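Take a look at the structure below.
The values are calculated or read from the model by the stated rules, or taken from the named source; none is laboratory data. Note that this is a predicted model, so its numbers are computed, not measured. When we count neighbours, we look across all protein chains shown, and the Cβ atoms used for this are built from the backbone with ideal geometry, even at glycine. Calculation scope for accessible area: heavy atoms of the full protein, side chains included, ligands and nucleic acids excluded. Shrake-Rupley method; radii C 1.70, N 1.55, O 1.52, S 1.80 Å.
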Amino acid sequence: MISVENLSVSFGAKPLFQNVSFVVNERDRIALVGKNGAGKSTMLKILCGLQQPTSGVVAIPNDTTIGYLPQVMKLADDTTVAEEARKAFAETRKMKERLLQMENEMASRSDYESEAYHALVERYTMEHDRYMMLGGDNYEAALERTLIGLGFSRTDFQRPTREFSGGWRMRIELAKLLLQQPDVLLLDEPTNHLDIESIQWLEQFLAQSAKAVVLVSHDRAFINHVTRRTLEITCGHIEDYKVGYDQYVTLRAERRAQQLRAYENQQKEIADIKDFIERFRYKPTKAVQVQSRIKQLEKIVPIEIDEVDRSAMRLKFPPCLRSGDFPVICDEVGKAYGNHTVFEQVNLTIRRGEKVAFVGKNGEGKSTLVKCIMGEIPFTGTLKIGHNVQIGYFAQNQAQLLDEEITIYDTIDRVATGDMRLKINDLLGAFMFGGEISEKKVKVLSGGERSRLAMIRLLLEPVNLLILDEPTNHLDMQSKDVLKEAIRAFDGTAIIVSHDREFLDGLVTKVYEFGGGHVREHIGGIYDYLKVHNAQSIQEALSVSGSRTLQAHVANEEKTEKQEPTAQKQNYLARKEQQKKVKKVQRAVEECEKEIARMEQRLKELDELFLQPEHAANMELVTEYTHTRQVLEHANEQWMELSEELEALQSV
């Protein structure tokens, strides 16, 4: 589907990669891996035509469609969720308009025997067949199924997109991309803004419905579940492993060990040759042998070893004034957009020196409360910022705010003041932007590099309250560790919005859980919080939080059952019965979705068979196609009914 031949990309004197060749085949599931800055995002941009290589060819057939989800993008603010998602069906809707025009024309004409009328009927038939193959009028059902799969509720469909956080708006863009059903999906960190349920849904979608997939992700579990082939960008070239990620890690370690042995043997050989040359360079009787050794040395091709980045960021926040004892106090704080309440009656007090975590599903209000603390949006209730508090704020979209047309050095030079201007090179070097790299323009940086650059800006002013909104997005493991150590050593107060369990472990001493319009305080570290929910991950804890809350209520009811035995027991039994109904309908919805996916896959297979001349007039296949299409329409209707029933049960 995509053929890459002798591809080279250079930024300045050093090439990013060169003479790269590989092929993306139909039904490929490819993980594109490599260290931050190796060129993963650049490769995706080249494959989708947004960036041109220095040399080489990317061959894509004319009828092949490509869908690309970048790490960052400009998002629309002037539509509702459903209207924005419907943009994915722009071509389908135009096709329907053309069909209606042709139907009206056929109804108004009476020259049924003319060649022009026959040509119109033939054109209408071909267009209608194509329209039905693309799903026909079922696109609304597909739209609902995809948006709900990515975590939206039906009540969200008519809400303006501007009311949603950046993570939820990225989900809308992902939904549009999946609904377009491109031949090749290029996904750059697609799980950064998804919770566990949405990630699992996306895994299932990519396995069952997508054609070819090339993805970049730091989520190891996601890569393992989705991909079956691994392309590694290393030492400026591509290594193609026809295995999944876990097997790739093993094979890569073996290959590196072989490279090291070969490299050591070659270095010993080079040292021996050089020693011989130096010993006998000025002896006439050895002149022939010396010249032979010199030629032998010139012919040796150096063995490259896979790059292992051993450099380290050394982060240290500058000293700052001591803040008051309580940097942040919230008293009955609430925030709503129209009829939609994000949260209400939030009461929390953060003491000086505390490091706390905000956790919760996307859209539950974590970033919204941060914006309230920053004074960026209005709210109800009272929110006090303590005496002498100086805030350093790292937002999710911080990397998007950088000027892409200037260099890394100029980015820092424009905001640095005083003595800090004399230390810019040292600061850039600490963040692995030293030497000629500092002269790169921001627009050529990867998402991880941009996040590191944005983090440098945060260090330029002394602060005593750090607010970090998803600071680990786009950072590799090493960068996460260094940032974690710097925050741990920070003597001020820190509020960290994150779903990264390993990053928060040993860092925070209090967890605030956002969900259902409320904020709950949990004393202790992140593993203490998980233990309360009997969960292995933050996402799992959030998923079961509602049911845990219900169980807590049941336990309280049992304690007071002696006082009000009949009423308490009836309430408990009613809840249990309600839970049974919900689970039953949930299973029915899941089964229906599996059946829909199976039939959609079969229709795609039949479409491919019809393109083959030997099957073009096969009536058995035509009958099967018609029957499957009818059953699919019925299944979509059934799915919508079950989904509405489930939503009604869950709202009780």
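Screening Ala535 with (1) assigned to a loop (DSSP other than H, G, I, E, B); (2) under 27 Å from Asp331 (Cβ atoms); (3) at pLDDT below 85; (4) hydrophobic (A, V, I, L, M, F, W, C) gives one miss only, at (2).
Going through segment 480-500 one residue at a time, which ones are open to solvent by less than 70 Å² (accessible area, probe 1.4 Å) and not small (Gly, Ala, Ser)? Of everything in segment 480-500, those that are open to solvent by less than 70 Å² (accessible area, probe 1.4 Å) and not small (Gly, Ala, Ser) turn out to be Lys480, Val482, Leu483, Lys484, Ile487, Phe490, Thr493, Ile495, Ile496, Val497, His499, Asp500. A residue that is open to solvent by 60 Å² or more (accessible area, probe 1.4 Å) and either at pLDDT below 85 or under 28 Å from Ile2 (Cβ atoms) (or both) can be found somewhere in segment 147-166. For segment 554-573, check the following and say yes or no: at least one residue is at pLDDT 60 or above, surrounded by 15 or more Cβ atoms within 10 Å (Cβ to Cβ) and either on the phi < 0 side of the Ramachandran plot or of a type outside the set (Asp, Glu) (or both). Among the residues of segment 554-573, not one is at pLDDT 60 or above, surrounded by 15 or more Cβ atoms within 10 Å (Cβ to Cβ) and either on the phi < 0 side of the Ramachandran plot or of a type outside the set (Asp, Glu) (or both), which makes the answer no.
In segment 338-395, counting only strands (runs of 3 or more DSSP E) that sit wholly within it, the ones holding 3 or more residues that are open to solvent by less than 30 Å² (accessible area, probe 1.4 Å), at pLDDT 90 or above and under 23 Å from Phe503 (Cα atoms) span 355-360. Identify the residue in segment 602-652 that is within 16 Å of Ile148 (Cα to Cα), loosely packed, with under 15 Cβ neighbours inside 10 Å and of a type outside the set (A, V, I, L, M) and, among all such residues, is modelled with the lowest pLDDT. Within segment 602-652, the match that is modelled with the lowest pLDDT is Ser651. Return yes when Arg169 is basic (Lys, Arg) and surrounded by fewer than 20 Cβ atoms within 10 Å (Cβ to Cβ) and no when it is not. Against the criterion (basic (Lys, Arg) and surrounded by fewer than 20 Cβ atoms within 10 Å (Cβ to Cβ)), Arg169 does not qualify. Looking across segment 106-146 at every residue that is aromatic (Phe, Trp, Tyr) and in contact with a Lys or Arg (Cβ under 7 Å, 6 or more places away or on another chain), the one that is modelled with the lowest pLDDT is identified as Tyr131.
Residues that are open to solvent by 20 Å² or more (accessible area, probe 1.4 Å), in contact (Cβ under 8 Å) with a residue 40 or more places away in the chain and among the acidic types (Asp, Glu) within segment 174-226 comprise Asp183, Glu197, listed in sequence order. Yes or no: segment 279-288 includes at least one residue that is at pLDDT below 90, aliphatic (A, V, I, L, M) and touching a strand residue (DSSP E or B) at 6+ places or on another chain (Cβ under 9 Å). Scanning segment 279-288 turns up no residue that is at pLDDT below 90, aliphatic (A, V, I, L, M) and touching a strand residue (DSSP E or B) at 6+ places or on another chain (Cβ under 9 Å).
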